[in-house]
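Undergrad: Could you have a look at this structure, given as structure tokens, before my questions?
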Amino acid sequence: MFKNTNSYVYQAFDKDKADSDFLSLNFLYFNPEKRFYPQILGFISTNFRREIAQRYLVGAGATYQIIQGDKNWLKASLTFEYEDTDFRQSLFNKAQFNGDSSLNTMRSTIWISGKYELFKKKMILKHQSYYQPSIEDSDNYRWQADLSAEFPVWKHLSFKINYLRTFESVVIQGQEEEDEFLTFGFTLKSF
């Protein structure tokens, strides 16, 4: 099974650009109906506020389905990736990374994700979290927690509340390492 998720976020406040971010997540799962299955992944992203001109990761790993089901599931994965990140500057919050705007590393990632349909599918809770340390440098790691609640309005339309918290240990000098976003909106599905 191939899973592809793409997003673009643009924000401006009083004509000052705050975000202009692209994200493409691509997974190839082999026999995902089984409790344990291998996967290949490839990501491409940009981040305006983090001054990331381009970041890509390619890797592979495996997923274990702790709870299997169509309506409720819980999965844990372990993957290994090669990452190349091109920043717009070369001065970082950690001096050992200064001097080169391109950082390359091997990473391992521990993922936990789940989906739970409650109240006869009137509310759908989802979560995805990961911890992603560099295998080569213990000072280079990141984590993310993404939690959402969806309330279906019609068959292909839902109202969604989402909370996203991220942390990156290596950032451009003067930037905060942690971000938090609470968003509200509608999700339109074509399937």
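Readers should treat all values here as calculations from the given coordinates under stated rules, not as data from a laboratory. Worth saying up front: this structure is predicted, and the values here are computed from it rather than measured. All Cβ positions, glycine included, derive from the backbone under ideal geometry; neighbour counts span all protein chains shown.
Undergrad: Please count how many residues of segment 94-127 are within 20 Å of the chain's Cα centre (by Cα) and farther than 18 Å from Ala62 by Cα. Steps first, answer last, please.
TA: Taking segment 94-127 first, the residues within 20 Å of the chain's Cα centre (by Cα) are 103-116, 124-127.
Narrowing further to those that are farther than 18 Å from Ala62 by Cα: 103-105, 115-116, 124-127.
Residues that pass the stated criteria total 9.
Undergrad: Restricting attention to segment 64-78, does a residue exist that is farther than 28 Å from Glu178 by Cα and among the charged types (D, E, K, R)? So that I can check it myself, show each step before the final result.
TA: Within segment 64-78, the subset farther than 28 Å from Glu178 by Cα is 64-73.
Imposing the further condition that a residue be among the charged types (D, E, K, R) reduces the set to 70-71.
Checked against the condition, which is being farther than 28 Å from Glu178 by Cα and among the charged types (D, E, K, R), segment 64-78 yields at least one hit.
Undergrad: Then there is this: Can you tell me which of (1) surrounded by fewer than 17 Cβ atoms within 10 Å (Cβ to Cβ); (2) among the small types (Gly, Ala, Ser); (3) over 28 Å from Gln65 (Cα atoms) is the one Ser169 doesn't meet?
TA: Looking at each condition in turn, Ser169 falls short on (1).
Undergrad: Follow-up. Within segment 55-67, can one find any residue that is under 18 Å from Lys115 (Cα atoms) and surrounded by 17 or more Cβ atoms within 10 Å (Cβ to Cβ)?
TA: Yes, segment 55-67 contains a residue that is under 18 Å from Lys115 (Cα atoms) and surrounded by 17 or more Cβ atoms within 10 Å (Cβ to Cβ).
Undergrad: Please go through segment 77-105 and pick out each residue that is of a type in the set (Ser, Thr, Tyr) and exposed (fewer than 14 other Cβ atoms within 10 Å of the Cβ).
TA: The answer is Tyr82, Ser102.
Undergrad: Checking the structure you have, find out if any residue of segment 38-51 is more than 20 Å from Ile135 (Cβ to Cβ), in contact with an Asp or Glu (Cβ under 9 Å, 6 or more places away or on another chain), in contact (Cβ under 8 Å) with a residue 60 or more places away in the chain and not hydroxyl-bearing (Ser, Thr, Tyr).
TA: Within segment 38-51 (the criterion being more than 20 Å from Ile135 (Cβ to Cβ), in contact with an Asp or Glu (Cβ under 9 Å, 6 or more places away or on another chain), in contact (Cβ under 8 Å) with a residue 60 or more places away in the chain and not hydroxyl-bearing (Ser, Thr, Tyr)), the answer is yes, since at least one residue qualifies.
Each row is one residue, and each column tells you yes or no for (1) hydrophobic (A, V, I, L, M, F, W, C); (2) over 20 Å from Asn72 (Cβ atoms).
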residue	(1), (2)
Phe119	yes, no
Ile124	yes, no
Ser129	no, no
Ile135	yes, yes
Ser138	no, yes
Pro152	no, no
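Undergrad: Are there any pairs, at least 6 apart or on different chains, whose C-beta atoms fall under 6 Å, with the first in segment 128-139 and free of Cβ contacts under 8 Å to residues at least 60 places away in the same chain and over 14 Å from Gly59 (Cβ atoms) and the second among the aliphatic types (A, V, I, L, M) and assigned to a strand (DSSP E or B), and if so, which?
TA: Ser129/Ile112; Ser129/Ala145; Tyr131/Ile110; Glu136/Met106
Undergrad: Now, a different point. Answer yes or no: is there a residue in segment 147-162 that is exposed (fewer than 12 other Cβ atoms within 10 Å of the Cβ) and basic (Lys, Arg).
TA: Within segment 147-162, one or more residues are exposed (fewer than 12 other Cβ atoms within 10 Å of the Cβ) and basic (Lys, Arg).
Undergrad: Would you be able to say whether some residue in segment 172-181 is among the β-branched types (Val, Ile, Thr), in contact (Cβ under 8 Å) with a residue 40 or more places away in the chain and farther than 17 Å from Phe43 by Cβ?
TA: Taking segment 172-181 and keeping what is among the β-branched types (Val, Ile, Thr), we get 172.
Filter once more, keeping what is in contact (Cβ under 8 Å) with a residue 40 or more places away in the chain: 172.
Subsequent filtering for residues that are farther than 17 Å from Phe43 by Cβ retains 172.
Among the residues of segment 172-181, at least one is among the β-branched types (Val, Ile, Thr), in contact (Cβ under 8 Å) with a residue 40 or more places away in the chain and farther than 17 Å from Phe43 by Cβ, which makes the answer yes.
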